[in-house]
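A.B. asks: Dumping the structure here so I can ask a few things about it.
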Amino acid sequence: MLNDGILAANAGADAARPEAAEVATLLPPVETVDALPPESLPGLIAGLAALQARAAARLAIPPPAPPPNAPPEPDMIADVREVARIVVRSMSWVRRNGHKLPGFSQPDGKGCKVSWSLRALTEWIAGETFPLTGARKRA
């Protein structure tokens, strides 16, 4: 009964991990706990508390850092449609005024590929910089 609830609650999130279903089978059913003599209950509770503490300790450990040769997460957006969606302007506005937006880059010169820094655009949208100047607001 308890196992069925655990399996049902975790079915969607743990579908990619086959061992998640096996973990639930390690726990005894609720009926087994009901059948235990009262003198066994303190030991059961202590064992469950130890399992809970161990699981909590594992959750508190940060995930391992990516390997040093992993490529950094891309920050540059080259799609005018995506930039227009982020800054809530039309695509034609971005084409005309995109060079004034923070994070604009056109490394090969006029008439070549353009891109914008996602971080710079999100800071601008969040109001951390003044519109179209890039100057920081004073605290």
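The values are calculated or read from the model by the stated rules, or taken from the named source; none is laboratory data. From a predicted model like this one, the values you see are computed outputs, not experimental measurements. Using ideal geometry, Cβ is built from the backbone for each residue, glycine included, and neighbour counts are taken over all protein chains shown.
A.B. asks: Please determine whether any residue of segment 87-103 is among the hydroxyl-bearing types (S, T, Y), surrounded by 10 or more Cβ atoms within 10 Å (Cβ to Cβ) and either under 30 Å from T32 (Cα atoms) or at pLDDT below 90 (or both).
C.D. replies: no
A.B. asks: Let me ask something additional. Could you grab the pairs with beta carbons closer than 7 Å, sequence gap of 6+ or different chains, first residue in segment 21-41 and of a type in the set (V, I, T), second one exposed (fewer than 10 other Cβ atoms within 10 Å of the Cβ) and not in a helix (DSSP H, G or I)?
C.D. replies: V30/M1
A.B. asks: All but one of (1) in a helix (DSSP H, G or I); (2) modelled with pLDDT under 90; (3) among the polar types (S, T, N, Q) hold for N69; which doesn't?
C.D. replies: (1)
A.B. asks: Condition check: under 19 Å from G127 (Cβ atoms) and small (G, A, S). Does G98 satisfy that?
C.D. replies: no
A.B. asks: Could you check, for segment 46-54, whether at least one of its residues is surrounded by 11 or more Cβ atoms within 10 Å (Cβ to Cβ), within 34 Å of the chain's Cα centre (by Cα), assigned to a helix (DSSP H, G or I) and modelled with pLDDT under 85?
C.D. replies: No, segment 46-54 contains no residue that is surrounded by 11 or more Cβ atoms within 10 Å (Cβ to Cβ), within 34 Å of the chain's Cα centre (by Cα), assigned to a helix (DSSP H, G or I) and modelled with pLDDT under 85.
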